[in-house]
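Participant: Have a look at the structure that comes next, please.
The values are calculated or read from the model by the stated rules, or taken from the named source; none is laboratory data. Since the model is a prediction, treat every value here as computed from it, not as a measurement. Positions of Cβ are generated from backbone atoms using ideal geometry, with glycine treated the same way; all protein chains shown enter the neighbour counts. SASA here: full protein model, heavy atoms, side chains in, ligands and nucleic acids out. Shrake-Rupley method; radii C 1.70, N 1.55, O 1.52, S 1.80 Å.
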Amino acid sequence: MDRIKGSMKQIVPWVVPFLLLICWQVFSWMGIIPEKILPAPSDVFQAGLSLLGTGELYEHVSISLWRALAGFLIGGVIGFLFGLFNGISKYSDLLFDTSIQMLRNIPHLALIPLVILWFGIDETSKIFLVALGVMFPVYINTYHGIKSVDKKLIEMGRAYGLKGKSLFFSVIFPGALSSILVGIRFSLGVMWLTLIVAETISTDSGIGYMAMNAREFMQMDVIVLSIVIYALFGKLSDMIARYFEKKLLHWNT
Amino acid sequence: MNFHTEEPIHVQLAGVEKWYNELNVLKGMDLQAERGEFIAVVGKSGCGKSTLLRLVAGLEQSSSGFIYMDQKPLKSLNKHARIMFQDGRLLPWKRVIDNIRIGLPGEWKGKATEALENVGLGDKKKEWPNNLSGGQRQRVALARALVHDPELLLLDEPLGALDAFTRMEMQGLIESLWQQKKFTSILVTHDVEEAVALADRVILIESGMIMMNQEIPLARPRQRTQPAFSMYLEMIMDRIMNRMPKKNYIVEQNYQMS
Ligand SMILES: Nc1ncnc2c1ncn2[C@@H]1O[C@H](COP(=O)(O)OP(=O)(O)OP(=O)(O)O)[C@@H](O)[C@H]1O
Ligand SMILES: [Mg+2]
């Protein structure tokens, strides 16, 4: 492995996807893959360009991004705060943890019919669902991270005169950070998944709507485009999360 | 908080007991450490050595009895003392220099740098603890304890995880820093030779009680090859292993310090 040079390491993982793409394109040209089943990559690209031209793409993508971000922030902050307090305070733990663990077992997507009845199909329902989905993984991992900080390090901190805030910021929070970041990364996946489902079922804008709308007009290329966009955003958010993990946990290498 | 008192402190334990639920770990300990004295505590695993140190550090409270620091009863965290642990307990997310400054008030930079230089790691300031060797990590832990100029240094098997060479080297370092800074010191160790090499007095704990309290009046620096050294070593080992003494131990006057 050592002999594989840096630049090669960057390129090699992309060889298989690239070859698949080429095969797909070639098979489409040859008619082996019928257009009605799967449009050629070039067609999808074309559809993307034309939707970009009309401004439709921008509109749908930005509304989806906004929903994802708002839901993620709301759910993430709530989950983080509860995880934090329940991890630190015995009383808060005793009061809330069991209830949260119970709620966690309800699949949040099962609430869609209820949520539509509550909020209709406007923004609130989507943001609510995303927030709900994001909250639990962030909660669990923050809670667990804080609970499992090495007791010996905490004892050391106390012995060296740290307490309260200084103990939290020097020992407890950094000790829990890697677990918290795992929770955040996991919840980013939940965020996109929830959004895809919510937008497909009930909405009048967004990437999911774009796909469902295209289905009615049999626009295969737009459907595939929507899928590709979701995939790209999923990958992008994962990359951002990884970047922060690397940056914040660089002592761990 | 004032860590700059140059005077070493007097430590006294009076009838200290420690219970963990039904388990009586320490059963009435009476012990005194004179100012600047170096005491080593030996005993089999699980006999309560670490518990004793945690009590003196004020990290836990005794079930009964008192601990006096310069005649004043210890009620909470012991601000005169700094403790160094077997596993170092450096914070892996802080660089070496930031580990040393933990709990240091005010102007820390000069002090922390000096402490690091005292243990011979002046060039490792910016290193992550994970990138240090075991011996280097323990040096950092020692520097972190000493940067506060403690009047009492508590060492809980600080060298247990090190190889024989590094251990000898570290023993020399601890001894010279102790001679230089004149703090009172309590060292818990598994290694009886280490106890005899460093301590003015060796305490043996067995089933929660002090079973032996042996002065080691050898002059420093101590030669491990000298007969009196081996004699003390053997005497303590015999006592720990409950062997009958093979011969009479005669302390030769010319090896005594005073
Ligand atoms: N927090 C605790 N709760 C319950 N029991 C404890 C606790 N701390 C220590 N003990 C028990 O007290 C006894 C003494 O423990 P201690 O750590 O003081 O032993 P030790 O002499 O330091 O042993 P070693 O040489 O292996 O480090 C052990 O039986 C241990 O199980
Ligand atoms: Mg111990």
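For (1) in the same structural domain as B:E194 (by TED's automatic domain parsing); (2) of a type in the set (A, V, I, L, M); (3) farther than 17 Å from B:L155 by Cα; (4) over 21 Å from the mean Cα position of the chain (by Cα), each residue gets a yes or a no:
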{"site": "B:V42", "(1), (2), (3), (4)": "yes, yes, no, no"}
{"site": "B:G46", "(1), (2), (3), (4)": "yes, no, no, no"}
{"site": "B:R54", "(1), (2), (3), (4)": "yes, no, no, no"}
{"site": "B:N78", "(1), (2), (3), (4)": "no, no, no, no"}
{"site": "B:R82", "(1), (2), (3), (4)": "no, no, no, no"}
{"site": "B:W93", "(1), (2), (3), (4)": "no, no, yes, yes"}
{"site": "B:D98", "(1), (2), (3), (4)": "no, no, yes, yes"}
{"site": "B:I102", "(1), (2), (3), (4)": "no, yes, yes, no"}
{"site": "B:G106", "(1), (2), (3), (4)": "no, no, yes, yes"}
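Participant: Look through the stretch B:8-42, keep the residues that are open to solvent by 10 Å² or more (accessible area, probe 1.4 Å) and of a type in the set (G, A, S), and return whichever of them is nearest to ligand 2 (Cβ to nearest atom).
Facilitator: B:G28
Participant: Identify, please: which residue in the stretch B:91-117 is away from chain A (no Cβ under 11 Å) and part of a loop (DSSP other than H, G, I, E, B) and is, among those, surrounded by the fewest Cβ atoms within 10 Å (Cβ to Cβ)?
Facilitator: B:G106
Participant: Then there is this: May I ask you to say which residue of A:S148, A:S89, A:S125 is buried (at least 20 other Cβ atoms within 10 Å of the Cβ) and either closer than 25 Å to A:S178 by Cα or in contact with a helix residue (DSSP H, G or I) (Cβ under 7 Å, 6 or more places away or on another chain) (or both)? Reasoning before the result, please.
Facilitator: Details: A:S148 fails: buried (at least 20 other Cβ atoms within 10 Å of the Cβ); A:S89 fails: buried (at least 20 other Cβ atoms within 10 Å of the Cβ).
So the residue among A:S148, A:S89, A:S125 that is buried (at least 20 other Cβ atoms within 10 Å of the Cβ) and either closer than 25 Å to A:S178 by Cα or in contact with a helix residue (DSSP H, G or I) (Cβ under 7 Å, 6 or more places away or on another chain) (or both) is A:S125.
Participant: Right, B:L31: of a type in the set (A, V, I, L, M, F, W, C), away from ligand 1 (no atom under 13 Å from the Cβ) and assigned to a loop (DSSP other than H, G, I, E, B) or not? Give the derivation first.
Facilitator: On the way: of a type in the set (A, V, I, L, M, F, W, C): yes; away from ligand 1 (no atom under 13 Å from the Cβ): yes; assigned to a loop (DSSP other than H, G, I, E, B): no.
So B:L31 does not fit the description; no.
Participant: Are any residues in the stretch B:152-170 away from ligand 2 (no atom under 12 Å from the Cβ), open to solvent by 10 Å² or more (accessible area, probe 1.4 Å) and either touching a residue at least 60 places away in the same chain (Cβ under 8 Å) or not assigned by TED's automatic domain parsing to the domain that holds B:L198 (or both), and if so, which ones?
Facilitator: Across the stretch B:152-170, the qualifying residue is only B:A161.
Participant: Kindly evaluate A:Y209 against the criterion of being more than 17 Å from A:L38 (Cα to Cα), of a type in the set (F, W, Y) and surrounded by 17 or more Cβ atoms within 10 Å (Cβ to Cβ).
Facilitator: On the way: more than 17 Å from A:L38 (Cα to Cα): yes; of a type in the set (F, W, Y): yes; surrounded by 17 or more Cβ atoms within 10 Å (Cβ to Cβ): yes.
For A:Y209, the condition - more than 17 Å from A:L38 (Cα to Cα), of a type in the set (F, W, Y) and surrounded by 17 or more Cβ atoms within 10 Å (Cβ to Cβ) - is met.
Participant: Return only the number of the condition from (1) surrounded by 16 or more Cβ atoms within 10 Å (Cβ to Cβ); (2) within 14 Å of chain A (Cβ to nearest Cβ) that B:G135 does not satisfy.
Facilitator: (2)
Participant: Look at B:A145 and say whether it is more than 27 Å from A:T253 (Cβ to Cβ), touching a strand residue (DSSP E or B) at 6+ places or on another chain (Cβ under 7 Å) and outside any loop (DSSP other than H, G, I, E, B).
Facilitator: Details: more than 27 Å from A:T253 (Cβ to Cβ): yes; touching a strand residue (DSSP E or B) at 6+ places or on another chain (Cβ under 7 Å): yes; outside any loop (DSSP other than H, G, I, E, B): yes.
In short, yes.
Participant: Sticking with this one: So the check is Cβ under 8 Å with 6+ separation or different chains; which pairs have a first residue in the stretch A:126-143 that's over 15 Å from A:G83 (Cβ atoms) and a second one that's among the basic types (K, R)?
Facilitator: Sorted first by the residue in the stretch A:126-143, then by its partner, the pairs are A:K126/A:R67; A:I127/A:R67; A:V130/A:R67.
Participant: Scan the stretch A:228-253 for residues that are surrounded by 15 or more Cβ atoms within 10 Å (Cβ to Cβ) and charged (D, E, K, R) and report the count.
Facilitator: Total satisfying the criteria: 1.
Participant: Something else about it: Based on what the data block shows, is B:G120 open to solvent by 20 Å² or more (accessible area, probe 1.4 Å), out of contact with any strand residue (DSSP E or B) (no Cβ under 7 Å at 6 or more places or on another chain), more than 9 Å from every other protein chain (Cβ to nearest Cβ) and at positive phi?
Facilitator: Details: open to solvent by 20 Å² or more (accessible area, probe 1.4 Å): yes; out of contact with any strand residue (DSSP E or B) (no Cβ under 7 Å at 6 or more places or on another chain): yes; more than 9 Å from every other protein chain (Cβ to nearest Cβ): yes; at positive phi: yes.
It is true that B:G120 is open to solvent by 20 Å² or more (accessible area, probe 1.4 Å), out of contact with any strand residue (DSSP E or B) (no Cβ under 7 Å at 6 or more places or on another chain), more than 9 Å from every other protein chain (Cβ to nearest Cβ) and at positive phi.
Participant: Let me ask something else about it. For B:L187, indicate whether it is in contact with a helix residue (DSSP H, G or I) (Cβ under 8 Å, 6 or more places away or on another chain), at pLDDT below 95 and open to solvent by less than 30 Å² (accessible area, probe 1.4 Å). Please lay out each step first, then the result.
Facilitator: Numbers: in contact with a helix residue (DSSP H, G or I) (Cβ under 8 Å, 6 or more places away or on another chain): yes; at pLDDT below 95: no; open to solvent by less than 30 Å² (accessible area, probe 1.4 Å): yes.
Criteria not met by B:L187.
Participant: Please specify each residue of the stretch B:67-90 satisfying the condition of being in a loop (DSSP other than H, G, I, E, B), in contact (Cβ under 8 Å) with a residue 60 or more places away in the chain and within 16 Å of ligand 1 (Cβ to nearest atom).
Facilitator: Taking the stretch B:67-90 and keeping what is in a loop (DSSP other than H, G, I, E, B), we get B:70-71, B:74-80, B:85-90.
Subset that is in contact (Cβ under 8 Å) with a residue 60 or more places away in the chain: B:70-71, B:78-80, B:85-87.
Within the stretch B:67-90, B:F85, B:Q86, B:D87 meet the criteria.
Participant: State all residues of the stretch B:54-66 that are within 10 Å of chain A (Cβ to nearest Cβ) and in a helix (DSSP H, G or I); if no residue qualifies, say none. Steps first, please.
Facilitator: Pass one, the stretch B:54-66, residues within 10 Å of chain A (Cβ to nearest Cβ): B:54, B:57-60.
Hit for the stretch B:54-66 is B:R54, nothing else.
Participant: Please pick out the residue among A:Y139, A:Y160, A:Y230 that is within 14 Å of chain B (Cβ to nearest Cβ) and among the aromatic types (F, W, Y). Walk me through it before giving the result.
Facilitator: Working: A:Y139 fails: within 14 Å of chain B (Cβ to nearest Cβ); A:Y230 fails: within 14 Å of chain B (Cβ to nearest Cβ).
Exactly one residue qualifies, and that residue is A:Y160.
Participant: Further question on the same structure: Out of all the residues in the stretch B:34-43, is one or more near ligand 1 (Cβ under 7 Å from one of its atoms), among the aliphatic types (A, V, I, L, M) and more than 14 Å from chain A (Cβ to nearest Cβ)? Break it down stepwise before answering.
Facilitator: Our first condition is that a residue be near ligand 1 (Cβ under 7 Å from one of its atoms); within the stretch B:34-43, this holds for B:43.
Still in the list and also among the aliphatic types (A, V, I, L, M): none.
Within the stretch B:34-43, none of the residues are near ligand 1 (Cβ under 7 Å from one of its atoms), among the aliphatic types (A, V, I, L, M) and more than 14 Å from chain A (Cβ to nearest Cβ).
Participant: Would you mind stating whether B:S63 is within 16 Å of ligand 1 (Cβ to nearest atom) and either among the β-branched types (V, I, T) or at pLDDT 90 or above (or both)? Give the steps one after another, and end with the answer.
Facilitator: Values: within 16 Å of ligand 1 (Cβ to nearest atom): yes; either among the β-branched types (V, I, T) or at pLDDT 90 or above (or both): yes.
It is true that B:S63 is within 16 Å of ligand 1 (Cβ to nearest atom) and either among the β-branched types (V, I, T) or at pLDDT 90 or above (or both).
Participant: Where residues in the stretch B:181-240 are outside any strand (DSSP E or B) and of a type in the set (K, R), which of them is nearest to ligand 2 (Cβ to nearest atom)?
Facilitator: The initial filter retains those residues of the stretch B:181-240 that are outside any strand (DSSP E or B), namely B:181-183, B:189-200, B:207-208, B:216-217, B:219-240.
The next check asks that each one be of a type in the set (K, R); those that pass are B:181-182, B:220, B:222, B:224, B:239.
Working: B:K181: 25, B:K182: 26, B:R220: 27, B:R222: 25, B:R224: 25, B:R239: 20 Å.
That would be B:R239.
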